[in-house]
Structure formats: structure tokens, C-alpha cells
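**Student:** If you scroll down you'll find the structure; I have some questions about it.
The values are calculated or read from the model by the stated rules, or taken from the named source; none is laboratory data. Predicted model only: the values in this text are computed from it and were never measured. Positions of Cβ are backbone-derived with ideal geometry, glycine not excepted, and every protein chain shown enters the neighbour counts. Calculation scope for accessible area: heavy atoms of the full protein, side chains included, ligands and nucleic acids excluded. Shrake-Rupley method; radii C 1.70, N 1.55, O 1.52, S 1.80 Å.
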Amino acid sequence: LKKHIAERRRDNLHKLTTRLVKDYDTIVVENLSVKNMMQNHHLSASIANASWGTLISQLKYKCAWYGFVMNANKKITSLIAFPSQNG
């Protein structure tokens, strides 16, 4: 069951990151203190489940794949995307 959940999460992240890179010209990623946020016991499970690190890694390599540049550091937790003017 855990393997199935992990595969679904990974698949959803791939679909999301591909859609973001294809549909948006600019992706802005916000830096937040994840370590401090994890201290909140009401949010920590949700934050740990979000796979923010994986999301950012996939965005970075897909941006490079599609010819975009993305600068980010390891404290990234949220993002804003701006629509493409081409479509």
C-alpha cells in the first residue's frame, strides 16, 4: 500500500510539474522556513506529505528540459505561476 501511495504521489507530481512548465512562462518560488513550520504539530504531517523538495527538483529539471531557467534554493515551499502569453 505504501509503495502504491508513493507511486501515485510521484505520478501526480510529474503531471503537475509538466503542466506548470508547459503552461506558464514564469514560475516564481517562495522561500519559507520549512524547519520552523514543521514545529507546528497541526501542520507538520501535511507539510511532510507535500513532497516540496521533489516538486522543486522536478521543476528544475523540466525547466531545463524545456529551455527555461529556474533559480531556487532548498528552503522552497510555495510557488506562483504566470500564464503563458502564447496560448
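**Student:** When the dipole is taken about the Cα centre of region 1-62, and only Lys, Arg (+1) and Asp, Glu (-1) are charged at their Cβ, what size is it in debye, to the nearest 20? Intermediate values should be presented prior to the final figure.
**Tutor:** Values: 11 positive and 5 negative charges, 65 e Å.
Value, rounded to 20: 320 debye.
**Student:** Anything over 21 Å Cα to Cα? Flag those among LYS15/LYS35; LYS2/LYS62; LYS22/LYS60, in the order listed.
**Tutor:** Exceeds cut-off: LYS15/LYS35; LYS2/LYS62.
**Student:** In Å², and per residue, what accessible area does region 1-69 have when probed at 1.4 Å with the other protein chains present?
**Tutor:** In whole numbers, region 1-69 has 74 Å² accessible per residue.
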